[in-house]
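The values are calculated or read from the model by the stated rules, or taken from the named source; none is laboratory data. No experiment lies behind these values; they were computed from the predicted model shown. Ideal geometry is used to build each Cβ from the backbone, glycine not excepted, and the neighbour counts take in all protein chains shown.
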Amino acid sequence: MQLHEYTSFDGLGLARLLRDGEVSAAQLHDAAMRACAAVNPHINAVVGLWPADLAGIDKAAPFAGVPFLIKDVAVTMAGQASEAGSRLGAGHVAAADSHLMAQFRQAGLATFGRTGTPEMAFATTTEPVLYGATRNPWNLALSAGGSSGGAAAAVAAGIVPLAHATDAAGSIRVPAASTGLFGLKPSRGRVSNGPTMDEIFSGLGVQLGVSRTVRDSAALLDGVQGSMAGEPYVTGAPRLTWLSQVSVVPGKLRIGVQRAASNGAQPVPAVDAALDETVRLLEGLGHHVEQVTPALGVSWEAFVQANARIWCANLVPWIDGLAQEGGRSVSLETLEAATLACYRYGKTVSAVEFVAALDVRNTVTRHAGAFFTEYDVLLTPTMPDLPWQLGRYGENEGTLDGLGWTARLFEHSPYTPLANVAGLPAMSVPLAMSADGLPIGMQFMAGYAQDGVLLRLAGQLERAAPWVQRRPPVWAGRE
């Protein structure tokens, strides 16, 4: 199978070829390995490879034999490294599959490696000390976003058609926007984090993936949704499949447009123009669109502080566990300066402060719920800016404490964290390109458990303004 052929299909398309007998799982795996060899030296997206288990693949599975990559955090595959992008976790090997990994297997996905993440997934760029920066296939001097930057770069460059990703403050949507992909963050409780992980960041974190087509993300959600016994959050599956929703016309939606972020940040001109273009597209499709200023219910400073307390307090036992298991100390020898600062900040958070942070979460969730009684969808830019230069994100990180690092993260991506705090579905759709050839994502958010509204809208947008034929300069199909 030639690489230009392999990269021309999405995941469901490759699975169809296998079912029709046009290719074998071994041929797909070989193509993925050659694609990785062709582009990964340029983008540094894949940080570990292993032989895919191709025996006994169920040809009836939706992604039968499709090459797949998992992120180096939150999901575990038995017998494979799981290092959380950190020197502290270097060499750690997972003892068992997580529930989500088992679901990936059942969906037919043939996992052959893992992608880079910032240390402990604590950034919206992917520039860890352990494996080095992941580069954006559209411009190698720029960040691919984070924390699922390795996953996004690998998909955008054609190594795989879709890849696992996580999202606790925008980590699916930010890299999707940065690299021209579709990224869906499902509602809280749709996908299991178990069994060893409970509420990732107290319910703020969810898992799914990034893809080049809407239908791949929809089918992936069909394949992995569901819970195991003892889940802290369970959001039931719909009567119809998510994949079927992609082809359904959404009807006339009430869409609120938020231009300035909740911290007052305005989008740069290129992003602002893309937002206007998106509004015109939506109006042309028959939707009712109007400007809004959604209320968080708390000040921006209180919002950031609550997130910092939740995140950093959750980080402490995670880091202590890795240190104990590996027999390593917690220091600048094993952690990056920002991560260590967040760890130290987390150790200062009292039980009363943590409960107060959860109360902020409740206030924000209630205000978001009220907003979505009046509107079906909230539209914002995914990011206020174009992808940053590598190195910019971490400038002077050694001078910041845990609260300061969280504030920097939220300044970089101020539109995305609301969906995590409130548990809402949200997606980044690659609807525009800047004049200098960089992708621009638009974020759409819906009410709790209204993932179908987003997928119906995403399918409509993909048909009206297709993006799948856009190719970055670093592309595995250029033979």
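Observations on the structure shown:
- In the set (1) of a type outside the set (Val, Ile, Thr); (2) modelled with pLDDT of 95 or more; (3) surrounded by fewer than 21 Cβ atoms within 10 Å (Cβ to Cβ), the condition left unmet by Arg114 is number (3).
- Hits in segment 208-227 (condition: over 15 Å from Gly108 (Cα atoms), charged (D, E, K, R) and in contact with a strand residue (DSSP E or B) (Cβ under 9 Å, 6 or more places away or on another chain)): Arg212
- Residue within segment 218-228 that is assigned to a loop (DSSP other than H, G, I, E, B), hydroxyl-bearing (Ser, Thr, Tyr) and buried (at least 19 other Cβ atoms within 10 Å of the Cβ) present: yes
- Residue identified as surrounded by fewer than 17 Cβ atoms within 10 Å (Cβ to Cβ), of a type in the set (A, V, I, L, M, F, W, C) and within 21 Å of Val377 (Cα to Cα) among Ala302, Ala295, Ala274, Ala261: Ala295
- The residue that is nearest to Val129 (Cα to Cα), counting only those in segment 372-385 that are of a type outside the set (S, T, N, Q) and surrounded by fewer than 18 Cβ atoms within 10 Å (Cβ to Cβ), is Asp385.
- Conditions (1) surrounded by fewer than 17 Cβ atoms within 10 Å (Cβ to Cβ); (2) within 28 Å of Gly205 (Cβ to Cβ): number failed by Gly286: (2)
- Cβ-Cβ contacts under 9 Å between residues 6 or more apart (or on different chains), taken from a first residue in segment 460-474 that is more than 12 Å from Pro430 (Cβ to Cβ) and surrounded by fewer than 15 Cβ atoms within 10 Å (Cβ to Cβ) to a second residue that is polar (S, T, N, Q) and at pLDDT 95 or above, are listed as Arg463/Ser247; Pro473/Asn139.
- Unmet criterion (only one of (1) in contact with a Ser or Thr (Cβ under 7 Å, 6 or more places away or on another chain); (2) touching a residue at least 24 places away in the same chain (Cβ under 8 Å)) for Ala94: (2)
- Of all residue pairs spaced 6 or more apart or on separate chains, those with beta-carbon atoms under 7 Å, a first member in segment 315-329 that is within 8 Å of Leu88 (Cα to Cα) and among the charged types (D, E, K, R) and a second member that is buried (at least 18 other Cβ atoms within 10 Å of the Cβ) and at pLDDT 95 or above are Arg328/Leu88; Arg328/Thr334.
- Those residues of segment 267-309 which are more than 30 Å from Thr339 (Cα to Cα), in contact with a Lys or Arg (Cβ under 8 Å, 6 or more places away or on another chain) and either part of a loop (DSSP other than H, G, I, E, B) or of a type in the set (A, V, I, L, M) (or both), in sequence order: Leu275, Gly286, His287
- Top-ranked residue in segment 374-402 [being of a type outside the set (Gly, Ala, Ser) and part of a helix (DSSP H, G or I); ranked as farthest from the chain's Cα centre (by Cα)]: Thr399
- All of (1) over 30 Å from Phe354 (Cα atoms); (2) in contact (Cβ under 8 Å) with a residue 60 or more places away in the chain hold for Asn307 with one exception: (1).
- Test: residue in segment 5-15 that is at pLDDT 95 or above, over 20 Å from Ala151 (Cα atoms), more than 20 Å from the chain's Cα centre (by Cα) and among the acidic types (Asp, Glu): yes
- Filtering segment 355-367 to residues that are surrounded by 15 or more Cβ atoms within 10 Å (Cβ to Cβ) and over 16 Å from Glu301 (Cα atoms) leaves Thr365, His367.
- With respect to being surrounded by fewer than 16 Cβ atoms within 10 Å (Cβ to Cβ) and free of Cβ contacts under 8 Å to residues at least 60 places away in the same chain, Arg239 fits the description.
- Residues satisfying the stated conditions in segment 10-51, i.e. of a type in the set (S, T, N, Q) and more than 28 Å from Asn139 (Cβ to Cβ): Ser24, Gln27
- When Gly116, Gly145, Gly150 are checked against the criterion of being touching a residue at least 60 places away in the same chain (Cβ under 8 Å), more than 30 Å from Ala26 (Cβ to Cβ) and not aromatic (Phe, Trp, Tyr), Gly145 stands alone in meeting it.
- Residues that are in contact (Cβ under 8 Å) with a residue 12 or more places away in the chain, part of a loop (DSSP other than H, G, I, E, B) and not hydroxyl-bearing (Ser, Thr, Tyr) occur at least once in segment 342-357.
- Flag if Leu461 is hydrophobic (A, V, I, L, M, F, W, C), modelled with pLDDT of 95 or more and under 26 Å from Ser8 (Cβ atoms): yes
- Matching residues, segment 419-442, being out of contact with any Leu (no Cβ under 9 Å at 6 or more places or on another chain) and of a type outside the set (Gly, Ala, Ser): Met433
- Among (1) assigned to a loop (DSSP other than H, G, I, E, B); (2) surrounded by 22 or more Cβ atoms within 10 Å (Cβ to Cβ) - the single one Trp405 does not satisfy: (1)
- Among (1) surrounded by fewer than 24 Cβ atoms within 10 Å (Cβ to Cβ); (2) out of contact with any Asp or Glu (no Cβ under 6 Å at 6 or more places or on another chain), the one test that Leu253 misses: (2)
- Test for Val248: is it at pLDDT 95 or above, of a type in the set (Val, Ile, Thr), over 23 Å from the mean Cα position of the chain (by Cα) and more than 23 Å from Gly205 (Cα to Cα): yes
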